[in-house]
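The values are calculated or read from the model by the stated rules, or taken from the named source; none is laboratory data. Here the structure is a predicted model, which is why all the values come from computation and not from measurement. Backbone-built Cβ (ideal geometry, glycine too); neighbour counts: all protein chains shown.
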């Protein structure tokens, strides 16, 4: 774990800082040659909706938001249309919109977010974590491999196929 960090639900007051973080991530995806997040999504309305639903979470260090993720339970209708097979059929935690502050890239922030997602699942008595990413998002594909997520098939969002993964917790 990174020293002196706080992981908590985001508030409306965090919206601007979260959007700044996401804009940096959108630009990085583009610079990496990825088509992910190049279609107007995510946007400030998506962030506001995450917060309204109680799904937005921030990682804070020294008063600054250095990471963001949306975490939900059983709330991804597209996963019912997976072209492939999930490892489990029970309740699941799903996460979206992982973003790290430009100033904190390579400092373990994404790893910390993944650990908090697992902690969230355990706190809710859920053994399955599901997520997806674009075929060309090398950073997220690396994290799925590093954290031992299993490739389960494809889902489609906004007309684009995405790689779907699941991790079953002990």
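Quick one: residue 87 ticks every box in (1) over 23 Å from residue 39 (Cα atoms); (2) without any contact (Cβ under 8 Å) to a residue 40 or more places away in the chain; (3) surrounded by fewer than 19 Cβ atoms within 10 Å (Cβ to Cβ) except a single one, so which number is it?
(2)
Let me spell it out: the conditions are (1) assigned to a loop (DSSP other than H, G, I, E, B); (2) without any contact (Cβ under 8 Å) to a residue 24 or more places away in the chain, and residue 141 meets all of them except one. Which number is the exception?
(1)
So, of the residues in the range 53-84 that are free of Cβ contacts under 8 Å to residues at least 40 places away in the same chain and not in a strand (DSSP E or B), which turns out to be farthest from the chain's Cα centre (by Cα)?
63
Which residues, taken from the range 73-102, are under 21 Å from residue 47 (Cα atoms) and touching a helix residue (DSSP H, G or I) at 6+ places or on another chain (Cβ under 9 Å)?
If the condition is that a residue be under 21 Å from residue 47 (Cα atoms) and touching a helix residue (DSSP H, G or I) at 6+ places or on another chain (Cβ under 9 Å), then 73, 93, 94, 95, 96, 97, 98, 99, 100, 101, 102 are the ones that fit.
Report, ordered by the first and then the second residue, all pairs with beta carbons closer than 6 Å, sequence separation of six or more or different chains, a first member in the range 13-29 that is over 15 Å from residue 57 (Cβ atoms), and a second member that is crowded, with 16+ Cβ neighbours inside 10 Å and at pLDDT below 95.
26/37; 29/36; 29/37
What is the number of the single condition among (1) surrounded by fewer than 15 Cβ atoms within 10 Å (Cβ to Cβ); (2) under 25 Å from residue 121 (Cβ atoms); (3) without any contact (Cβ under 8 Å) to a residue 60 or more places away in the chain that residue 1 does not meet?
(3)
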